[in-house]
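What follows is calculated from the coordinates using simple rules that are stated; it is not laboratory data. Keep in mind that what you see is a predicted model, and the values were worked out from it rather than measured. Here the Cβ positions follow ideal geometry from the backbone for every residue, glycine too, while neighbour counts run over all protein chains shown.
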Amino acid sequence: MAESICRALRDGALEGEFAPALTIKDSISSPFGFDVFTHVLAQLSSNILAGKSQPRGVVLVAFSRSPSFYVDLLKRRGSDAASSQKWIRILDCYTDPLGWKDQIVDSTNTCDTSLEASSEVACLCKDVRDLDKLYPLIIEQGTGLSGCGKQRFSVAIDSVDELLRHSSTSSVAGLLSNLRSHDQVSCVFWLFHSDIHEDKATSILEYMSSMVASIEPLNQSANWKRGNLENFSLLEQNFGKGRLNVRFKRRNGRVRVLCEEFHIEQEGISFTSVSSGDGVVNHSLVPKVQFSLQLSEKERMERANVVLPFEHQGNGQTIQIYDGRRSLTEDKKEAAPTFNGKLQTSKNSGEGEIIYFRDSDDEMPDSDEDPDDDLDI
């Protein structure tokens with residue numbers, strides 16, 4: 001399933017449609033969203049370097065980690081970001097997000113060390129509160145990768161929470177919508193901590209996303225506010241592993257839900273499939289409605305005992321089908337041409353012949369008279 005996410009981001013957007021968007025959502029009960037985010041980023045980077053993806057580069061908007069952290073991370077995953085300026089740009093919103101360093105008058109801090117060793121691929125953003133300036137910065141960095149042609153680039157935001165901290169939900173939603181609708185943006189994905197925001201923000205981000213990856217603990221019965229021995233045991237069971245539920249929204253309106261279990265290891269995150277018999281995901285993600293979507297055992301038995309109005313019951317006798325044209329008591333030999341279902345043909349002419357039987361003897365032959373002659377028109 002994680003491969004399905006990476007494949008959708010790799011394929012990118014269709015002509016005339018919004019770019020696919022992925023929301024990676026976690027909570028304090030299973031805080032492994034950043035591990036999933038870095039896994040998706042590394043897989044997309046590998047596809048870009050191999051020339052197998054629609055986007056030719058990625059613009060990483062870094063809020064929660066420094067650019068040097070991502071350079072080292074991608075280098076450990078086999079993608080040396082510091083050695084290439086052709087496929088990655090890092091918009092540094094981590095070092096000085098509010099521009100405070102410019103306001104400090106100190107001769108010892110006059111040198112700019114914000115970009116560190118990743119200065120070749122990083123660009124400093126000094127005011128994350130102004131989304132009207134942040135959007136053109138992202139597009140500018142992406143255009144520098146893909147050029148002015150039809151080549152596209154992807155956008156990765158490691159924390160939407162920082163945007164929601166300094167701006168309204170509608171402004172953040174407008175920024176994400178503008179990114180999805182841009183002609184050169186191939187895909188967008190972001191990380192979101194759902195339990196520190198209102199339900200309204202979660203609903204808006206999920207509505208805007210074509211894919212929602214929800215990270216949940218394996219055992220959700222733990223009360224995280226109580227510190228008894230039982231809950232410590234549950235915490236130990238959920239430590240370093242969990243469940244990843246992904247909801248795909250198709251263009252035709254259909255929704256597909258998949259589930260995998262993951263385990264955090266020293267070299268990264270690994271995923272294992274969940275058997276189809278496990279119904280935890282289906283029950284937890286079914287929309288809450290006022291009526292039951294399943295039949296009880298009594299309702300199934302009552303439905304099976306319903307006699308349909310046109311169902312032939314037989315009653316232990318030989319089943320004979322009446323076609324409405326002749327009586328079942330007539331001579332079988334006489335009725336044979338009617339029921340054999342074969343087209344009688346003339347041996348001499350080799351042409352087909354249509355035989356018509358009236359429904360009853362009271363039926364009058366067809367007439368050339370106008371059936372509406374008796375109407376006063």
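What to note about this one:
- Taking other residues whose beta carbon is less than 9 angstrom from the beta carbon of Phe271, and scoring Lys, Arg as +1 and Asp, Glu as -1, yields -3.
- The simple Förster model, with R0 at 41 Å and r as the Cβ-Cβ distance, assigns Phe271 and Asn305 a FRET efficiency of 0.30.
- Cross-link table Lys101/Lys126; Lys86/Lys126; Lys52/Lys150; Lys25/Lys200; Lys25/Lys241; Lys52/Lys86, entries beyond 19 Å C-alpha to C-alpha: Lys86/Lys126
- Checking every one of the trypsin sites (Lys or Arg not before Pro) in the range 1-91 against DSSP loop status and a limit of 14 other Cβ atoms within 10 Å picks out Lys52, Lys86.
- Based on Cα atoms of the range 1-100, Rg over Rh with Rh as the Kirkwood radius reads 0.98.
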